[in-house]
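Heads up, the thing below is written out as structure tokens.
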Amino acid sequence: MILTSIASGSSGNSILISTENRHFLVDAGVSRKRIVDTLRSLSVDPAALSGIFITHEHIDHISGLGVFLRKYPVPVYATGKTIDQILGNSSVGQVDPSLFSSVLPDHPFQVEGIRVEASRVLHDAADPVCYTFSDGREKAGIATDFGTFDDYLVEKMKGCSSLLVESNHDLNMLMVGPYPYPLKRRIMGNKGHMSNERAGQFLSKIIGEDTRHVFLGHLSKENNYADLAYETVKVELSLHGIDLDRHPVSLKIASRTEPTYSETKNIHQV
């Protein structure tokens, strides 16, 4: 399975998961143009997406959803509470409610032969989840917007060959930065966002023999930067026995402003 980050950051998130002949979006938090341009650069027809999977209703994950659906009415999957929040959000605009299907965490389901599972995460949203996708040979996972992790989430994300995990902030930058203290507390809390150190600790528990591609995503523009996130996570992994100079895993930073590719740019012809 091939993972492409269309955009990942506090200003907008959208990730493409591709199998041999199926394509799925996780979130649509950037403009339709950015999504469509990236899909077409990969020879993926936007109208042929097998589904859009929404993690939660915050605007950086749904800002482009309504505009996209009015042009390309593809299926959308999210938890029931998240769907209610989306349909009640005036900024999304008019969308066809029949496009939406409710998913239940911990209840895997099939979409065009691909096993999809939603798993609960802790975040300050109505009913946030992360997702894994499996074609029976490989597994891909997206886990962002959560303040902490536990054994439950570790088990759900194990076995991924490709994954994107949040590495939102450097704790020291956050603490000395310009954010008001209540916002700092929210970000650092269990329902906030993952620090670089915690991302490294989480990854140390889920990187396995099959893991080949790891993206660090949802980096804060104000409280992080790419080299710092990369080096911090690399050190944490080393402390837990995973040497990136020896382990066959590619660690990349998912850009806020442009697509980031795990492998070749050309995925499939439509």
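Structure notes:
- Summed side-chain charge close to Pro105 - residues other than Pro105 whose Cβ falls under 10 Å, Lys, Arg +1, Asp, Glu -1: -1
- DSSP bridge pairs, region 102-248: antiparallel proportion in percent, nearest 5: 55
- Protein heavy-atom accessible surface, 1.4 Å probe, per residue over the chain: 43 Å².
- Part-to-part distance (alpha-carbon centres) for region 1-53 and region 66-103, which is given in Å: 16
- Counted by Cβ distance under 9 Å from Leu219, the other residues give a net charge of +1, where Lys and Arg count +1 and Asp and Glu count -1.
- Each residue of region 130-145 was assigned a 3J(HN,Hα) from its phi angle through the Karplus curve 6.51 cos²θ - 1.76 cosθ + 1.60 (θ = phi - 60°); the sequence is 10, 9, 10, 10, 9, 9, x, 10, 10, 9, 10, x, 10, 9, 9, 6 Hz, with glycine and proline shown as x.
- Gaussian network model of the chain, Cα within-10 Å springs - most flexible of Pro128, Pro180, Pro46: Pro180
- Taking N as its residue count, the alpha carbon Rg of region 126-179 over 2.2 N^0.38 Å: 1.42
- Set of lysines with alpha-carbon distance to Lys156 below 27 Å, sequence-local pairs under 8 removed: Lys81, Lys139, Lys191, Lys205, Lys234, Lys252
- Note, ³J(HN,Hα) from phi for region 50-65, Karplus 6.51, -1.76, 1.60, rounded to Hz, x at Gly and Pro: 7, x, 10, 10, 9, 7, 6, 8, 4, 4, 6, 10, 9, 4, x, 5
- Rg ratio (alpha-carbon, reference 2.2 N^0.38 Å) - region 128-270: 1.05
- For region 1-129, the Kirkwood hydrodynamic radius from C-alpha pairs, put into Stokes-Einstein at 10 °C and a viscosity of 1.306 mPa s, yields a diffusion coefficient of 109 µm² per second.
- Calculated [222 nm] ellipticity per residue, helices only, for the chain: -7500 deg cm²/dmol; basis is -39500 (n - 2.57) per DSSP H run with n ≥ 4, divided by all residues, nearest 500.
- The chain: antiparallel DSSP beta bridges as a percent of all, rounded to 5: 50
- Listed residues Ser255, Ser98, Ser204, most fluctuating in the chain (Gaussian network, C-alpha, under 10 Å): Ser98
- Over the chain: Rg over Rh, Cα atoms, Kirkwood Rh: 0.94
- Neighbour net charge for Ser8 - beta-carbon separation under 10 angstrom, K R +1, D E -1: -2
- Close amide H partners of His23, meaning residues 5 or more places away or on another chain with modelled amide H under 5 Å apart, are Ser50.
- When the solvent-accessible area of the chain is split by element, carbon and sulfur atoms take up 48 percent of it, the probe being 1.4 Å.
- Normalised by 2.2 N^0.38 Å, where N counts its residues, the alpha-carbon radius of gyration of region 4-66 equals 1.00.
- Spatially proximal lysines relative to Lys221 (Cα-Cα < 16 Å; intrachain offsets below 8 disregarded): Lys184
The values are calculated or read from the model by the stated rules, or taken from the named source; none is laboratory data. In this text the structure is predicted, and so the values were computed from the model without any measurement. Quick reminder, even Gly has a Cβ in these numbers, built from the backbone with ideal geometry, and neighbours come from all protein chains shown. To get the accessible areas, we keep the full protein, side chains included, count just its heavy atoms, and leave off ligands, DNA and RNA. Shrake-Rupley method; radii C 1.70, N 1.55, O 1.52, S 1.80 Å.
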